[in-house]
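Please treat every number below as a calculation from the coordinates, not as lab data. Everything numeric here is computed off the predicted structure, so don't read it as measured data. Here the Cβ is made from the backbone with ideal geometry for all residues, glycine too, and neighbour counts use every protein chain on show.
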Amino acid sequence: MGQTPIHRSSHGAPVRAPAREVHRLLADEDNWPRVFASFVHLENLGRDGGFDRIGMWGHYDGTVEHWVALRSVDEEALRVEFRPESLPPQLESMKRTWVVEPSADGGCVVRLEHEFRLKEEDPEAAATTLATVEGIALSEVAAVREAAELAALRPQALVTVEDTVTVEAPVGRVFAALYGAGEWPDHMEHVARAEVRGEGPGHTHVLELDTIERHGGSFTTRAARVGLPDNKIAYKQLLLPPLGASHHVQWLLTEEGGTTRVRSVQTVVIKESGVAAVLGEGASTEAARGFVQSELSSKVRLILDAVKHRLEQDAK
């Protein structure tokens with residue numbers, strides 16, 4: 001009995017950005033949470049033969065789902081290929097390939113190609129799978145176009161905020177305190193409520209917080225969170241203020257001699273249509289950048305400094 005036929009789909013769009021920059025956007029997994037709405041975090045898990053094993057976490061219907069894809073990157077051909085490590089029962093194979101082609105005007109065309117085979121050929125199942133991948137492709141190609149053009153044409157709208165705190169405590173205790181957000185109201189004066197829900201396999205959940213603002217009132221945030229024990233916590237904000245188009249964060253933990261260094265890296269895309277709503281008519285993107293950097297740095301320091309104080313007091 002021969003193999004079932006290969007089904008193919010391809011969707012593309014012109015992009016006003018250099019081809020190599022668009023390829024780098026796709027080849028660097030750290031970019032994906034700001035490019036694609038559903039992705040929370042990607043992590044390179046090491047090599048398997050000729051492929052990188054990429055752990056992927058996405059937020060869907062109130063929970064964080066996890067899967068692993070095998071990735072190969074061709075820098076010369078400007079191609080990034082993914083194959084799922086585990087397939088749905090009906091599929092024999094699946095491949096997704098991002099292809100970037102330079103254009104004469106200095107821009108490029110980005111395409112997302114799908115190839116799949118069913119274990120048993122079934123026209124209805126093939127049509128359903130094809131409709132699914134085509135819907136995904138249309139959405140993701142549009143997202144890449146938007147992110148690439150923003151980086152090329154409006155780089156001032158992309159903001160990175162970094163903070164570092166050193167805690168005199170072992171990394172395991174620091175990770176537990178940062179990931180165990182359900183206990184934050186007991187130890188952080190500015191956290192009025194912390195609700196953890198949608199806990200999934202491993203260290204994943206959705207965290208909703210009510211925090212007391214410096215100038216009065218309260219503010220509610222909701223984030224999808226991924227914990228990589230004693231190494232990293234990544235999260236993506238699901239409720240965005242008028243000024244934000246995207247906001248994702250990594251807390252990177254390293255230990256040396258019983259002391260833990262926590263480095264917070266926040267990546268924000270400013271929504272230019274929200275600048276006037278927050279800062280007033282005539283406010284510039286540069287003013288918005290300063291506002292975002294100050295606000296986000298002060299808020300993350302409230303959490304990190306509270307964990308530092310608690311753990312160091314407990315050790316005395």
Legend entry - Calculated FRET value between residue 285 and residue 305, using beta carbons and R₀ = 25 Å, to 0.05: 0.25
Inset, instruction - Return the single residue from 250, 266, 90 with maximal mean-square fluctuation; model: Gaussian network over the chain, springs between Cα atoms under 10 Å. - result: 90
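Given the alpha-carbon gyration tensor of the chain, what are the semi-axes of its equivalent ellipsoid in whole angstrom, ordered largest first, with each equal to the square root of 5 times an eigenvalue?
Numbers: eigenvalues 277, 127, 66 Å².
Rounded to whole Å, the semi-axes are 37, 25, 18.
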Inset, instruction - Kindly put 95, 308 in sequence by how many other C-beta atoms sit within 10 Å of each C-beta, fewest to most. - result: 95, 308
Legend entry - Top of 19, 223, 277 by mean-square fluctuation, Gaussian network on the chain, Cα under 10 Å: 277
Inset, instruction - Find the lysine pairs in the chain meeting two conditions, Cα atoms under 30 Å apart and a separation of 8 or more places or different chains, and report how many there are. - result: 14
Legend entry - For the stretch 123-159 versus the stretch 279-315, the gap between their alpha-carbon centres in whole angstrom: 32 Å
Legend entry - Cα Rg, Dmax, the stretch 7-153, angstrom units: 15.4, 47
Legend entry - Segment residue 3-residue 45, extension gain: residue separation times 0.36 nm, minus the distance between their alpha carbons: 11.9 nm
Legend entry - Surface/4 of the Cα convex hull for the stretch 123-220, nm²: 11.5 nm²
Legend entry - Within a Gaussian network of the chain (alpha carbon springs, distance under 10 Å), most fluctuating of 239, 253, 26: 239
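Between residue 312 and residue 219, what is the FRET efficiency for a Förster distance of 30 Å, r being their Cβ-Cβ separation, to the nearest 0.05?
With R0 = 30 Å, the Cβ-Cβ based efficiency is 0.65.
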Inset, instruction - List 204, 160 from most exposed to least, where exposure is judged by having the fewest other Cβ atoms within 10 Å. - result: 160, 204
Legend entry - Separation in nanometres of the label points that stand 7 Å from Cα toward Cβ, at residue 168 and residue 122: 6.4 nm
Legend entry - Mean projected area in nm² (Cα convex hull; one quarter of hull surface) for the stretch 156-314: 9.4 nm²
